[in-house]
Amino acid sequence: MQTEPLRDELEEMRQRIRLLRAEIADLSIPELTDLDSLLSVAEAEIERAMPRPERPPRR
């Protein structure tokens, strides 16, 4: 299935962004607030772009 490698790559990017956001939070530097906001938007866009797993048909 073609979507699995894409989903895995997107998940890996999302995890890296989350780590960056955690590091920014630990630094507690107000000047990095804008960067954190941009990373938050990037994380949301990655989630939106992720292919949804196929659900089994309902009975």
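Every read-out reported here was derived from the displayed coordinates using simple, explicitly stated rules and does not represent laboratory data. Just so you know, these numbers come straight off a predicted model, no measurement behind them. Using ideal geometry, Cβ is built from the backbone for each residue, glycine included, and neighbour counts are taken over all protein chains shown.
So here's what we get for this one:
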item	result
Karplus-derived HN-Hα couplings along the range 26-43 (A = 6.51, B = -1.76, C = 1.60, θ = phi - 60°), whole Hz, x at Gly and Pro	5, 6, 6, 10, x, 5, 8, 4, 5, 4, 4, 5, 5, 5, 5, 5, 4, 4
Cβ crowding within 10 Å averaged over residues, with 24-34, 8-18, 43-53 ranked highest first	8-18, 43-53, 24-34
